[in-house]
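The values are calculated or read from the model by the stated rules, or taken from the named source; none is laboratory data. Note that this is a predicted model, so its numbers are computed, not measured. Because the Cβ atoms are built from the backbone with ideal geometry, glycine has one as well, and the counts that use them run over all protein chains shown.
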Amino acid sequence: MPRFLHVADVHLGYTKYDSPERTKDFYRAFSDALERYAIEPQVDFVLIVGDLFEHRQVLPAVLNQAQLCLDRLQEAGIPVLAIEGNHDYRLYGTRTSWLRYLADWGRLMLLEPNADEALEPWNPETRQGGYIDLDCGVRVIGSRWYGAAAPQAIQSLAPQVEQLPPGPEHTVMMFHHGLEGHVSRYSGALRYQDFAPLLTAGVDYLALGHIHRSYTAENWIFNPGSIEANSVIENQDQNPRGVFLVNLSKTGIKADLKTDYYQRPIVRLNLKADPKQTAVELEAAAIATIETAYKQGKTEEAIVELRIQGTIGFERSDLNVKELRSHLHTLSKALIMLIKYDVTGVEYHSYISDQEELPSRHDIERLVFTDLLAANAHYRDQAESLSTGLMDLKDRLLKQQTEPELYQYAQELLSARSSEPNASSQD
């Protein structure tokens, strides 16, 4: 009974958050997944369905990471079959890529159609070909990254698959693209009927990549998701992903999603802002949220995101998010600390009835001043008295009082406010 490991979207060399440790996570995840689910169970082969690398320009250390993993598979006698994804495919007009380099050096077999988009058998001497028949009883067919032209490419490939010479009992095909309906933010996915010609042509197992969450369809389309999370929204709680350990038999396909290997923990926390809070009080609430999560053992060496949402009663700029993030980073002992400051300000609208006599200009201006003050947590309790002071300050300005006189009056106004019992101490 043939058994293989299906991985995709490894993204070696990932550089988001400018963290060397985070970049190493992708190597650690790939290495550990291969050890646990390819080498230990001694599978017949491994599929890498696109995006082995994060960038087309690969640094020496990242190339070394790939070679170390592939060498271990080679030492275990496990062949590796791969295709290029949108992150690592060769640019138009160029003849090589880093996957082609690895294929030329015997680290893997890069299965792809030839220059005429024809599927030819794998040639071990030239290390090129579009499909290979393995001794374990599986035919594996490759493709390439087609982007928006994927539906047309399938229409061209399906007849070729059907017309290939008789071969092994099982047919597996690799294709780096997404299936519609599995990721809401992805608009370029293919419909099920776009893939259907490959099923008719005899493909038993369609191995997909590109989408970073795991899904299956009709027990012949399989996507494992990314090996490691590329962003906080790809945490396992919300977007299951991993590698598929697959068994093929006459009775069908058994694909087990494996996630129990090294992955950096991701912690997403939420804090609801209260419009009655001052900036200092909201900051204290954020600190308390992180301290609680740290005491629970959730944050140390993790990627932590604190999302602050709701309505605030102060100016957004009153909360120094950069300084708060730095403080929370220290408290949490996280590898990476993120803050999503997604808040809106309080809005007040004074109601003026159409049935009543319109207020005077003076009254309207006072209403505006009162509403602006009432929307701020620092001045809400003294909105009425301060609005009177602002009206007086405006009149003094119109009378062209000197700047020193205006500053003196403003200082007296604020001093009088700070002496009131309910005045905030944060002016």
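For the reader, a short list of remarks on this structure follows.
- Residue list for the range 134-165, filter: loosely packed, with under 13 Cβ neighbours inside 10 Å and modelled with pLDDT of 95 or more: 135, 152, 155, 159, 163, 165
- Unique match (being surrounded by fewer than 17 Cβ atoms within 10 Å (Cβ to Cβ) and in contact with a Gly (Cβ under 9 Å, 6 or more places away or on another chain)) among 188, 242, 225, 181: 188
- Candidate set from the range 277-303 (those that are touching a Lys or Arg at 6+ places or on another chain (Cβ under 8 Å) and more than 30 Å from residue 38 (Cα to Cα)); member that is surrounded by the fewest Cβ atoms within 10 Å (Cβ to Cβ): 300
- In this structure, residue 196 does not satisfy being assigned to a strand (DSSP E or B) and either of a type in the set (A, V, I, L, M) or touching a Leu at 6+ places or on another chain (Cβ under 6 Å) (or both).
- Taking the listed residues 37, 17, the one that is closer than 17 Å to residue 262 by Cα, assigned to a helix (DSSP H, G or I), in contact (Cβ under 8 Å) with a residue 24 or more places away in the chain and assigned by TED's automatic domain parsing to the domain that holds residue 139 is 37, with no other qualifying.
- Residue selected from the range 251-273 under the condition over 24 Å from the mean Cα position of the chain (by Cα) and surrounded by fewer than 17 Cβ atoms within 10 Å (Cβ to Cβ), by the criterion farthest from residue 222 (Cα to Cα): 251
- If the condition is being closer than 17 Å to residue 237 by Cα and buried (at least 20 other Cβ atoms within 10 Å of the Cβ), then the range 304-314 contributes 304, 305, 306.
- Wholly within the range 68-147, strands (runs of 3 or more DSSP E) carrying at least 3 residues that are in the same structural domain as residue 194 (by TED's automatic domain parsing) and aliphatic (A, V, I, L, M): 80-83, 138-141
- Meets criteria (closer than 22 Å to residue 230 by Cβ, more than 25 Å from the chain's Cα centre (by Cα) and not in a loop (DSSP other than H, G, I, E, B)) for residue 62: no
- Test for residue 24: is it touching a Ser or Thr at 6+ places or on another chain (Cβ under 8 Å) and surrounded by fewer than 24 Cβ atoms within 10 Å (Cβ to Cβ): no
- Of the helices (runs of 4 or more DSSP H) lying entirely inside the range 357-427, those containing at least 3 residues that are at pLDDT below 70 and in contact with a Phe, Trp or Tyr (Cβ under 7 Å, 6 or more places away or on another chain) span 361-374.
- Of the residues making up the range 192-212, those that are surrounded by fewer than 22 Cβ atoms within 10 Å (Cβ to Cβ) and free of Cβ contacts under 8 Å to residues at least 40 places away in the same chain are 192, 193, 196, 199.
- Counted residues, the range 204-247 - those being in a strand (DSSP E or B), farther than 21 Å from residue 111 by Cα and of a type in the set (A, V, I, L, M): 1
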